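Written below as structure tokens is the structure these notes are about.
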Amino acid sequence: MTTHIPLLTLPSVFFSQPAAAILLPVAIGTTIGFSMRPKETQKTYLALRQPPLRPPPWIFGPMWTLLYGLMGYAAHRAWTTGMGSSFNPSKVMLTKQGATLYTIQLVLNFIWMPLFFRLQRPIEATVDIVALTGITGYLTYVWGQVDEVSGWCLAPYLACLSFATYLSAGAGYLNGWDFSGKERPIGAKGGDTKYVDEKAE
């Protein structure tokens, strides 16, 4: 059980206004993605030993843009539906609780990429995404009680987070939980990746 914590909750404008609700996660997610230098991020991604079912790197940009948009729409629907239920105090409380959970999960989502790629901290990144997936699961349950459509809008996001948790933990384990001084791909074609140990060069 959680509670509404105003200091850990986005201003209401990012829930009540549809454009603000949808554009906020899309804009921040896109900004972080480009600040991480996509080409370098892709090279790191391809250089790491990955678990089975690793998707191609090009899919992440459009996929996360869609998921962020759905996430923002879910936030708007849940807020407008719940806060409009003035005769149902429990729905209002669930709406506010969900808003706090939503804000926390946004922060956890946005720090995963810097942890994993920029700082090369797979343990911390995996802990982060495990917490993120758990909080998002609870958020889906909470806002699903307020507005069923909001819950369903978060379902694809939750599914992708579960798969991303598998990828994050798998990459960490297969690379000994240490990305520093790892091998980089050279002459890779298609799904094959040839490696060279940078320390040996």
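The values are calculated or read from the model by the stated rules, or taken from the named source; none is laboratory data. Since the structure is predicted, the reported quantities are computational estimates derived from the model, not experimental observations. Using ideal geometry, Cβ is built from the backbone for each residue, glycine included, and neighbour counts are taken over all protein chains shown. Surface accessibility is based on the protein's heavy atoms, side chains included, excluding ligands, DNA and RNA. Shrake-Rupley method; radii C 1.70, N 1.55, O 1.52, S 1.80 Å.
Distance between the pseudo-spin-label points of Leu66 and Ser162 (7 Å out from Cα toward the beta carbon): 1.8 nm. Remark: spin-label model distance Met36-Val127 equals 1.9 nm, labels positioned 7 Å along the Cα→Cβ axis. Screening the chain for whole DSSP H helices of 24 Å or more along their axis (Cα) with average Kyte-Doolittle hydropathy at least -0.5 returns 18-35, 60-83, 89-113, 122-146, 148-174.
Of the chymotrypsin sites (Phe, Trp or Tyr not before Pro) in the range 76-154, which ones lie in a loop per DSSP and count no more than 15 other C-beta atoms within 10 Å? Mind showing how you got there, number by number?
Values: sites: Trp79, Phe87, Tyr102, Phe110, Trp112, Phe116, Phe117, Tyr138, Tyr141, Trp143, Trp152; in loops: Phe87.
For chymotrypsin sites (Phe, Trp or Tyr not before Pro) across the range 76-154 that sit outside H, G, I, E and B with at most 15 neighbouring Cβ atoms in 10 Å, the list reads Phe87.
Sequence-distant contacts, meaning Cα pairs under 8 Å at least 6 residues apart, place the relative contact order of the chain at 27 percent. Seen from all sides and averaged, what is the projected area of the convex hull of the Cα atoms in the range 71-143, in nm²? Taking the Cα atoms of the range 71-143, their convex hull projects to 4.6 nm² on average. Global size of the chain: 18.8, 70 Å for Rg and Dmax (C-alpha atoms, Rg to one decimal, Dmax whole). Inter-label distance, Thr3 to Met93: 1.1 nm, where each label sits 7 Å from its Cα along the C-beta direction. Positive-end ranking of Pro57, Ser35, Leu46 along the dipole of the range 1-93, with charges on Cβ about the Cα centre, is headed by Leu46.
In whole percent, and with a 1.4 Å probe on the protein chains, what portion of the accessible area of the chain is carbon and sulfur? Intermediate values should be presented prior to the final figure.
Details: 7170 of 10690 Å².
So the carbon and sulfur contribution to the accessible surface is 67 percent.
Note on the range 12-116: percent of Cα-Cα distances in each 5 Å bin, starting at 0 and stopping at the bin with the largest distance, equals 2, 11, 19, 20, 15, 12, 8, 7, 4, 2, 1, 0. One chain, two ends: Val149 and Leu46. Fully extended at 0.36 nm per residue, the span grows by 33.4 nm beyond their Cα-Cα distance. Using C-alpha pairs below 8 Å separated by at least 6 residues, the relative contact order for the range 57-142 is 23 percent.
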